[in-house]
Structures are given as structure tokens and as C-alpha cells.
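A short worksheet on the structure shown next.
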Amino acid sequence: MSDIADKFAKLQSSRQRLRNSSAAERAAKLKAIWAGVVERKDDIFIAGNKERGTHDLDIAAELVMIKGEIDFAVKNLSKWMKPEKIKNSLNTMGKRCEIRRQSKGVVLNLSAYNAPTAECLVPAIPAIAAGNAVAIKPSEHAPHSAQIVQEIINRTLPADECEVFQGGVEVSQELLGLPFNHIYYTGGMGVGKIVMKAAADHFASITLEMGGKSPVIIDETAELENAATKLAWGRVMNAGQVCIAPEYVIIHESKKDEFLTLMEEKINALYNSDGAGLDKSQYVPRIINERHSGRIKALVDDATKKGATVVCGGGSDIANHYIEPTVLTDMSEDMDIMNEEVFGPVLSVLTYSNREDVLDIINRRPSPLALYVYSTNDEAIDYFLTNTSSGSAVVNNNCIQSGTNPRLPFGGVGSSGMGRIGGFEGFKSMSNERSIVHQPLDRFRDILIMLPPYSERYNNLIMKGLK
Ligand code: NAD
């Protein structure tokens with residue numbers, strides 16, 4: 001048996017014990033994880049800085065997400081674990097119906113690199129809260145963060161309850177060959193398909209958290225300066241390596257010129273306030289590695305070759321994983337950047353003259369993870385929300401819908417993902433919602449009218465129901 005299979009067997013061996021664990025026991029584990037995070041906070045900052053040059057406060061925001069989920073789960077766990085009474089229908093009259101949420105067994109969390117500590121720990125929270133054993137596979141592209149997560153977990157939970165598997169794609173592939181009961185995946189669509197196929201072999205349920213091209217609609221009534229400020233932040237934050245980051249803007253043609261001027265101004269105001277240069281800014285982190293830096297530069301080069309205009313930015317230093325915050329316009333559909341997720345600090349700007357065109361641009365693409373509308377016209381906002389689809393949406397802001405409110409479930413739709421995380425929805429997705437009907441045995445309620453040979457009364461009852 002390989003080391004990975006051996007560790008998996010240990011996790012499997014504790015399924016029943018964890019399923020029967022109390023709310024207090026599970027809450028204690030979550031609190032211990034948080035205490036471990038707090039204890040290693042400075043090391044987590046150093047790791048994020050080494051990996052992406054990320055500012056401490058931006059990494060702290062990741063930790064706030066972890067705390068928010070843990071606090072909410074700890075507070076609500078007893079309630080979530082209680083059997084839920086279900087109202088009777090005509091057909092279950094006299095019986096007692098309930099839902100009991102039981103752990104699924106062993107959950108795999110296969111995670112990505114862009115917010116590595118949160119992506120390792122946030123999905124583990126509902127998994128542990130629901131009484132599962134958990135395997136965490138951190139991204140190989142964020143090895144320093146992975147090491148700290150492993151040390152935190154090793155110190156807080158026994159190896160038959162939670163295990164961290166570090167390594168590259170070969171480790172992910174070996175894990176995917178094992179009969180996990182639920183697989184939670186964060187990453188790109190290509191690997192998302194691999195995960196779905198692997199899950200099918202063992203009938204594992206899945207949550208897929210992927211990405212895509214999240215659009216921004218700015219209509220002629222929008223508060224442009226406000227929108228440009230928020231979009232400069234949304235696109236440049238974490239150097240664009242944010243799954244819900246705005247990827248492209250569709251703006252009413254009458255506002256385009258003003259908006260482009262504002263975008264350049266706001267990017268500089270937020271990220272180059274001392275005038276030392278965006279490349280020197282402590283707030284503009286690096287792309288995770290040379291391969292992804294080169295990929296983003298190639299998208300910009302392809303767009304400019306096919307006619308895109310660089311409004312601002314356009315520079316890069318691939319060896320140092322730097323992509324200058326960039327705004328492009330004069331886009332066309334044949335550009336790779338209009339069809340592939342950038343996952344970097346490059347915003348494309350398109351225009352529209354009538355709003356049906358906006359729907360056409362968005363709806364001919366796969367459903368995105370997020371959609372943003374900037375407008376002060378309620379009717380227009382409603383029109384754009386009603387006629388498009390996305391995992392989540394925000395009106396007059398961006399990137400504030402994830403990790404900010406555990407009552408607001410988060411996830412994608414179609415190729416941007418499936419399943420939800422956050423609070424009770426996350427807990428439910430890691431649980432088997434078991435429907436239970438209790439039949440009382442007294443002669444008034446234990447009526448076996450539906451058994452053959454069928455009576456005239458039963459026949460009339462059923463046939464009446466068909467009318
Ligand atoms: P990544 O390269 O870190 O890969 C993610 C995981 O998949 C890793 O653990 C890796 O080992 C595994 N993996 C990679 N190739 C594999 C293969 N061939 N077989 C099996 N496993 C494999 O991350 P990434 O995929 O580049 O992440 C970026 C993507 O993640 C973007 O598309 C982004 O939008 C998305 N994302 C989504 C969310 C969300 O919550 N929806 C959050 C963050 C990132």
C-alpha cells in the first residue's frame with residue numbers, strides 16, 4: 001500500500017466515530033484550527049510574501065474569511081446537527097417526518113494557489129463541522145503556505161481525522177483514484193473535468209469552484225468615478241489572481257472615453273500613490289510563477305496584434321513574475337483574451353449602444369462565476385440580472401460577495417462551478433441529507449390500506465387524487 005493509500009485508509013477508519021461525534025467535539029476542533037492559524041499568522045504572512053509578494057493585510061483578509069466561517073459554524077453547529085422536523089403532506093398524515101444530516105465519510109479538498117491558506121482551510125471547516133474526515137491537498141504552486149497548513153493541521157488534529165497531502169499533480173491524481181465520498185475542488189475548468197470523471201468512478205459527490213470570465217456592465221446612468229475606483233481595486237487586487245475578479249467591462253459607448261481616463265487615474269491613485277511606479281508598489285503582488293506570467297503576457301500580445309489598444313499598462317517582467325496593471329480596449333471576439341480567463345491584472349473594455357447587445361455578449365459565453373452591474377437605474381439593474389446567469393452578482397461594487405457573509409452561499413454555475421460553500425449551505429453540501437419517516441404503530445395511524453388485494457376504498461382514494 002502506498003503512503004497516500006495508507007493515510008487514506010486511516011481517515012476511512014474513523015468515519016463512524018466522527019459521524020457520531022458531538023457538536024461540542026467538532027466545535028473544539030474548529031477552534032483549535034483557528035488557534036493554530038493565529039499562532040502561525042506571521043509565518044503565513046511571510047509565506048504569502050515569498051510566493052506572490054502579497055501585502056500582509058491582503059493575506060490577513062484571507063484569514064478573516066477563515067475566522068468568519070469558523071465562528072459561524074461554531075455558533076450554529078448544534079442547531080445544524082439537530083434533526084429537522086418536516087411538515088406532513090396528505091400522504092404522510094399521522095406519521096413523523098424529519099431530515100437528519102449525517103457526515104458523508106471522507107472529504108477531499110483539492111485546492112488552488114491564489115489564496116492558498118483560505119483555499120486549504122475554508123472548505124475543511126464545513127467538512128469537519130459535518131463530521132467528516134478530511135484530506136487537504138494544497139496547491140503545489142504555493143509550497144510555503146502548504147507547509148504551514150500542514151504543520152497547523154498536524155498539531156491540531158489526529159492523522160485519522162485530517163491529513164495534508166503535499167506534492168504535485170501526481171499526488172492529486174493518486175488521491176483522485178481513491179474512493180472519497182465527497183470531492184471539493186478549486187481550480188481551472190480543465191482539471192475540473194478530470195475531477196468530475198474521477199468522482200464518477202466512486203459515485204463521490206462534488207463541489208467544483210472554478211472561474212471563467214466575469215463581466216461588468218456599466219450603463220449610462222452609472223456613477224463612473226465610483227465604478228472606476230472599485231474596478232481598479234477589483235482587477236489589480238492579488239494581481240488579478242482572484243476567481244471573482246472582473247475580467248471585462250461592457251460600457252455604454254457614451255461613457256467609454258471618460259471611463260478609460262478614470263481607470264488609468266484610479267489604478268495609479270490606488271497602486272502608485274507615491275509615484276514610484278506600479279512595479280515598485282507594495283500593493284501590486286506578483287503572478288504565481290513564470291508560466292502563468294508568460295501566459296498572461298501572451299494574451300495581451302495576441303490582443304494587441306489583433307487590434308486592441310493599450311489604454312494604460314502593457315508592461316511586464318516575466319522573469320520576475322510581474323505583469324503591469326493593464327487596461328485594453330478595441331476588443332474583438334477573435335482575441336484569445338476574450339475567450340480565456342486572464343487571472344491576472346488585465347481588464348478588457350468593450351462598448352454597447354443598445355442593451356440587447358450586452359445580453360448577447362454575455363450569454364454567448366459560458367455562465368460566469370460572477371457578474372457586476374454598475375447603474376443607478378433600478379429597472380436596468382433588474383433587466384441585466386434577470387436576463388443573465390452567473391454564480392453570484394453584485395450591484396455597484398465588485399468582489400464583496402465571497403467570504404464576507406456566511407449566510408450568503410457562494411459558488412458557480414455550469415462551467416464556473418457547482419455546489420455551494422458558506423455557512424449552512426457548506427455544511428449541507430458535506431452532509432448526507434437523510435429523509436426519515438417514523439410510522440406510529442397504533443391502529444388509527446398504522447393503516448395499511450395500500451397493500452393488495454386493493455379495496456374499493458383505496459381504489460377510490462387513488463383515482464380521486466388523479467382528478
Ligand atoms: P492549481 O494549478 O493550483 O491547481 C488546482 C489543483 O488541481 C492543485 O491542487 C493541483 O495539484 C491539481 N491539479 C492540477 N492539474 C491536475 C491534473 N491534471 N490532475 C489532477 N489534479 C490536478 O490552480 P489552477 O487550476 O491554476 O487555479 C486557478 C483557477 O482556479 C482559476 O480558474 C480560478 O478562477 C479558479 N479559482 C476558483 C475559485 C472559486 O472559489 N470558484 C477560487 C480560486 C480559484
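The values are calculated or read from the model by the stated rules, or taken from the named source; none is laboratory data. These figures come from a predicted structure and were not determined experimentally. Cβ placement follows ideal geometry from the backbone for every residue including glycine, while neighbour counts extend to all protein chains displayed. When the accessible area is computed, the model is the full protein with side chains, heavy atoms only, and any ligands, DNA or RNA have been set aside. Shrake-Rupley method; radii C 1.70, N 1.55, O 1.52, S 1.80 Å.
Looking at 240, 188, which is the one that is surrounded by fewer than 23 Cβ atoms within 10 Å (Cβ to Cβ), touching a Gly at 6+ places or on another chain (Cβ under 8 Å) and within 30 Å of residue 282 (Cα to Cα)?
Values: 240 fails: surrounded by fewer than 23 Cβ atoms within 10 Å (Cβ to Cβ).
After ruling out the rest, the residue left standing is 188.
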Which of the numbered conditions does residue 428 fail, given that it passes all the others? Conditions: (1) surrounded by 17 or more Cβ atoms within 10 Å (Cβ to Cβ); (2) closer than 30 Å to residue 240 by Cβ.
(2)
Contacts under 7 angstrom Cβ, first residue in the range 1-21 being more than 13 Å from residue 175 (Cβ to Cβ) and among the basic types (Lys, Arg), partner open to solvent by less than 20 Å² (accessible area, probe 1.4 Å) and part of a loop (DSSP other than H, G, I, E, B), 6 or more apart:
15/105; 19/131
Which residues, taken from the range 354-380, are more than 23 Å from the chain's Cα centre (by Cα), open to solvent by 60 Å² or more (accessible area, probe 1.4 Å) and either of a type outside the set (D, E, K, R) or at positive phi (or both)?
354, 376
The range 396-405, residues that are at pLDDT 95 or above and buried (at least 17 other Cβ atoms within 10 Å of the Cβ):
398, 399, 401
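Looking at 234, 167, 190, 212 in this structure, which one is outside any helix (DSSP H, G or I) and out of contact with any helix residue (DSSP H, G or I) (no Cβ under 8 Å at 6 or more places or on another chain)?
Values: 234 fails: outside any helix (DSSP H, G or I); 190 fails: outside any helix (DSSP H, G or I); 212 fails: out of contact with any helix residue (DSSP H, G or I) (no Cβ under 8 Å at 6 or more places or on another chain).
Of 234, 167, 190, 212, the one residue that is outside any helix (DSSP H, G or I) and out of contact with any helix residue (DSSP H, G or I) (no Cβ under 8 Å at 6 or more places or on another chain) is 167.
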Any hit, the range 144-166, residues being open to solvent by 10 Å² or more (accessible area, probe 1.4 Å), at pLDDT 95 or above and touching a His at 6+ places or on another chain (Cβ under 7 Å):
no
Please verify whether residue 81 is away from the ligand (no atom under 16 Å from the Cβ) and either modelled with pLDDT of 95 or more or aromatic (Phe, Trp, Tyr) (or both), treating the condition exactly as stated.
yes
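Here's the yes/no breakdown for (1) within 16 Å of the ligand (Cβ to nearest atom); (2) in the same structural domain as residue 391 (by TED's automatic domain parsing); (3) open to solvent by 10 Å² or more (accessible area, probe 1.4 Å):
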position: 225; (1), (2), (3): no, yes, yes
position: 247; (1), (2), (3): yes, yes, no
position: 263; (1), (2), (3): no, yes, no
position: 287; (1), (2), (3): yes, yes, no
position: 295; (1), (2), (3): yes, yes, yes
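For a quick check of your reading: which strands (runs of 3 or more DSSP E) sit entirely within the range 67-118 and have at least 1 residues that are buried (at least 18 other Cβ atoms within 10 Å of the Cβ) and basic (Lys, Arg)? If you could, list the steps in order and put the result at the bottom.
On the way: elements: 84-86, 96-103, 106-110.
Output list reads 96-103.
Confirm whether residue 124 is touching a residue at least 12 places away in the same chain (Cβ under 8 Å) and touching a strand residue (DSSP E or B) at 6+ places or on another chain (Cβ under 8 Å).
Details: touching a residue at least 12 places away in the same chain (Cβ under 8 Å): yes; touching a strand residue (DSSP E or B) at 6+ places or on another chain (Cβ under 8 Å): yes.
Judged against the criteria, residue 124 is a match.
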When residues of the range 152-188 are filtered for being among the acidic types (Asp, Glu), out of contact with any strand residue (DSSP E or B) (no Cβ under 9 Å at 6 or more places or on another chain) and under 24 Å from residue 31 (Cα atoms), how many remain?
0
Flag for residue 266 being in contact (Cβ under 8 Å) with a residue 12 or more places away in the chain and charged (D, E, K, R):
yes
Go through 441, 448, 408 for me and flag whichever is part of a loop (DSSP other than H, G, I, E, B), within 16 Å of the ligand (Cβ to nearest atom), open to solvent by 50 Å² or more (accessible area, probe 1.4 Å) and hydrophobic (A, V, I, L, M, F, W, C).
408
Within the range 136-146, can one find any residue that is assigned to a loop (DSSP other than H, G, I, E, B), polar (S, T, N, Q) and assigned by TED's automatic domain parsing to the domain that holds residue 42?
yes
Exactly one condition in (1) surrounded by fewer than 18 Cβ atoms within 10 Å (Cβ to Cβ); (2) under 25 Å from the mean Cα position of the chain (by Cα) is false for residue 342; which is it?
(1)
Note: among 175, 121, just one is within 12 Å of the ligand (Cβ to nearest atom) and open to solvent by less than 20 Å² (accessible area, probe 1.4 Å), namely 175
Restricting to the range 193-209, name every residue that is open to solvent by 20 Å² or more (accessible area, probe 1.4 Å) and either in a loop (DSSP other than H, G, I, E, B) or aromatic (Phe, Trp, Tyr) (or both).
203
Check off (1) part of a helix (DSSP H, G or I); (2) of a type in the set (Ser, Thr, Tyr); (3) surrounded by fewer than 18 Cβ atoms within 10 Å (Cβ to Cβ) for residue 221 and give me the number that stays unchecked.
(1)
Any hit, the range 267-274, residues being open to solvent by less than 10 Å² (accessible area, probe 1.4 Å) and closer than 22 Å to residue 384 by Cβ:
no
Long-range neighbours under 7 Å by Cβ, at least six apart or interchain, first residue touching a residue at least 60 places away in the same chain (Cβ under 8 Å) and within 13 Å of residue 195 (Cα to Cα) within the range 164-183, second among the aromatic types (Phe, Trp, Tyr) and more than 12 Å from the ligand (Cβ to nearest atom)
178/8
